[in-house]
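Here is the structure we will look at.
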Amino acid sequence: MRLLSGDARRAVFAPLDDGSGRSEAVARRLGSAIALGIIVDGEQLPSESHLAALLNVSTVTLRDALADLRGRGLVDTRRGRGGGSFVRASEDALTELSLGRLREIGSTELRELGDIRAAVGGTAARLAADRATASEIARLREILDRLAAVDEGTRQRRIESRYYIDVAAAAQSVRLTLQEIELQAELGQLLWGTPRTAAELATTIASHRQVVDAIESRDGALARQLTETHIGEVTARLIDVHLDLTRRGQQRPGADTAVLPHAAAGAGS
Amino acid sequence: MSTRRPDATRPVDGPVDGPVDGRPAAQAATVIEGVVEQVFHSVTAVRDTLLAAHRAARERGEPMCDRDITAMRGRLLDLLTGEREVAVGMGVITAPGLLADRPLHLEWWQSEPDRHHPVRLEVDLNPHSVGFYDYAAAEWFVVPRRTGRRHVVGPYVDVHGTHRYLLTLTVPVVADGEFLGVAGADVPVARFETLVLRELGNLAVDVVVVNPEDRVVLSTSARSLAGSLMILDADAGDDAGEVRIISLPDPPWRIVVSPG
């Protein structure tokens, strides 16, 4: 069993600091890690008691969270020798999970997330225009080429996350890079709920390419502006989805609550 | 001679009387080469340890595996915790596929400011993860592999790895023509700057060190910041007007001296 390798993985298994100890928070954390590929398909999770201790939640809470993930088809539990909880990376289940999160989160929280993303991503783009070397710029282009070449939505999201993180690294700022990694992890809980059409993806990639062009022509103001505008659009879209889910929430049939018990209860109240 | 400083907050200095004193540049060159050689000395010792481990595996008649690498730890930690060691991280990174039981492997140890003992660097080696540490594509791995020579990379943000702002010094490890990986060491940019500035002492001029990608490695003045770009006029030669430039052979950095 592979455990705790890399900062992102450490973050996945770090104690939950919101103090609520809610099983939804545990499920969301693990779901996001599966979405981002930090925990991989088929990987065995630590034992219940170990995982509960790592996350600083009771074993009862953890069992609820695992039951939730099992219900969603993201975790498989086998009994007996060689048994345990194993991860199943199912794209549909991830979409359901982030729809639940989008329903539960408030629109002001989404706006706040957009604000901080614009601050970090916009500044990173501006500084990258001042500081990125030719090879760093070539790397950004390579990432966008890869983004255009892959079909699967989950992989597209991960590659796009790497684009934002690499812009921050090209800005020569460790702090901005770490902030961007954190923001992308948070975003990972939400974005899977809003699949993109091919045309939307093409628009996104074109917008990122314009940013890289601005970085290459050393136009920091433009690089920042383009980045902020794009993040503003993504945020508006997330808020629209959230508002839509909330308005429809009370009319939805019981089937939905069976899949997303906690999120639906939260949104309905 | 003209310089372009995207990060600069004031224009390039006006004319001065006569060329600047070249001695600080020569002095800086000596100091930088001293520090770089010292780090490479340790890196060479790390390389020799990997070569010995590889030889031992071959004598057993087996392919190298994980435990041959982990057996190097004692030696690595001795080097890293040596009294005069400049590097804060050290180790070997194996060529993909070298180890029979692990496709990718970093045996990298780091001194942490708040810890007594070095800590092993753990990175995400799953290619599909958002946090994948794609070392086989990193300059510090690719260049020594391609050229067969030692290499200094940086300043750069070691994203998904140590998350430090670094200079990384690596050498290729080759046995009978087979590329086994690289041995290397990390020196934080800030630490390198402190070491060099201490040796240089007080100067009446500004000294800026620029890497081959036009990135400032260190500077004696806030007018040029480490990590920013300083694009030097290629036609200006090594001695033009009020600015004096000398080129180092290895690492191929330039030292720019201008009136303070």
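The values are calculated or read from the model by the stated rules, or taken from the named source; none is laboratory data. Given the structure is predicted, the values throughout are model-derived calculations rather than measurements. FYI the Cβ positions are ideal-geometry reconstructions off the backbone, even for glycines, and counts take in every protein chain you see.
Going by the structure shown, is residue B:169 in contact with a helix residue (DSSP H, G or I) (Cβ under 8 Å, 6 or more places away or on another chain) and either closer than 22 Å to residue B:56 by Cβ or of a type outside the set (Phe, Trp, Tyr) (or both)?
Values: in contact with a helix residue (DSSP H, G or I) (Cβ under 8 Å, 6 or more places away or on another chain): yes; either closer than 22 Å to residue B:56 by Cβ or of a type outside the set (Phe, Trp, Tyr) (or both): yes.
Yes; evaluated as a whole, the condition is true for this residue.
Annotation note: of A:146, A:101, A:117, A:111, the sole residue that is within 14 Å of another protein chain (Cβ to nearest Cβ) and of a type outside the set (Ser, Thr, Tyr) is A:146. Taken over segment B:139-162, residues that are assigned to a strand (DSSP E or B), in contact (Cβ under 8 Å) with a residue 60 or more places away in the chain and hydroxyl-bearing (Ser, Thr, Tyr) amount to 0.
Just one of (1) within 8 Å of chain B (Cβ to nearest Cβ); (2) closer than 20 Å to residue A:233 by Cα; (3) among the β-branched types (Val, Ile, Thr) fails for residue A:133. It is (2).
The condition of being more than 14 Å from every other protein chain (Cβ to nearest Cβ) and within 30 Å of residue A:23 (Cα to Cα) holds for only one of A:87, A:75, that being A:75.
Within segment B:111-134, the set of residues being more than 12 Å from chain A (Cβ to nearest Cβ) and buried (at least 17 other Cβ atoms within 10 Å of the Cβ) comprises B:111, B:118.
Note on segment B:1-89: enclosed helices (runs of 4 or more DSSP H) holding 2 or more residues that are at pLDDT below 90 and over 16 Å from the mean Cα position of the chain (by Cα) are B:23-60, B:66-70. Checked against the criterion of being of a type in the set (Gly, Ala, Ser), modelled with pLDDT of 95 or more and over 27 Å from residue B:69 (Cα atoms), the candidates B:181, B:201, B:227 yield just one match: B:227. In segment B:202-232, the residue that is farthest from the other protein chains (Cβ to nearest Cβ) out of those that are in a loop (DSSP other than H, G, I, E, B) and free of Cβ contacts under 8 Å to residues at least 60 places away in the same chain is B:202.
Can you tell me which residue among A:70, A:22, A:78, A:63 is within 22 Å of the chain's Cα centre (by Cα), charged (D, E, K, R) and modelled with pLDDT of 85 or more?
On the way: A:22 fails: modelled with pLDDT of 85 or more; A:78 fails: within 22 Å of the chain's Cα centre (by Cα); A:63 fails: within 22 Å of the chain's Cα centre (by Cα).
Exactly one residue qualifies, and that residue is A:70.
Taking the criterion of being among the aromatic types (Phe, Trp, Tyr) and either assigned to a strand (DSSP E or B) or farther than 19 Å from residue B:253 by Cβ (or both), the residues of segment B:163-201 that qualify are B:165, B:179.
Is it true that some residue in segment B:136-151 is touching a Leu at 6+ places or on another chain (Cβ under 9 Å), away from chain A (no Cβ under 14 Å) and crowded, with 21+ Cβ neighbours inside 10 Å? Within segment B:136-151 (the criterion being touching a Leu at 6+ places or on another chain (Cβ under 9 Å), away from chain A (no Cβ under 14 Å) and crowded, with 21+ Cβ neighbours inside 10 Å), the answer is yes, since at least one residue qualifies. Considering only residues in segment B:233-257 that are in a strand (DSSP E or B) and either at pLDDT 90 or above or among the aromatic types (Phe, Trp, Tyr) (or both), the one that is surrounded by the most Cβ atoms within 10 Å (Cβ to Cβ) turns out to be B:257. Of all the residues in segment A:146-181, those that are surrounded by fewer than 21 Cβ atoms within 10 Å (Cβ to Cβ) and either outside the structural domain of residue A:115 (by TED's automatic domain parsing) or among the small types (Gly, Ala, Ser) (or both) number 3.
Is at least one residue of segment B:129-137 of a type in the set (Gly, Ala, Ser), within 16 Å of residue B:91 (Cα to Cα), in contact with an Asp or Glu (Cβ under 9 Å, 6 or more places away or on another chain) and not assigned by TED's automatic domain parsing to the domain that holds residue B:251? Checking segment B:129-137: not a single residue is of a type in the set (Gly, Ala, Ser), within 16 Å of residue B:91 (Cα to Cα), in contact with an Asp or Glu (Cβ under 9 Å, 6 or more places away or on another chain) and not assigned by TED's automatic domain parsing to the domain that holds residue B:251. When each of A:97, A:110 is tested for being touching a His at 6+ places or on another chain (Cβ under 8 Å) and assigned to a helix (DSSP H, G or I), the lone residue that passes is A:110. Does residue A:112 meet the test of being surrounded by 15 or more Cβ atoms within 10 Å (Cβ to Cβ) and either charged (D, E, K, R) or out of contact with any helix residue (DSSP H, G or I) (no Cβ under 9 Å at 6 or more places or on another chain) (or both)? No, not satisfied.
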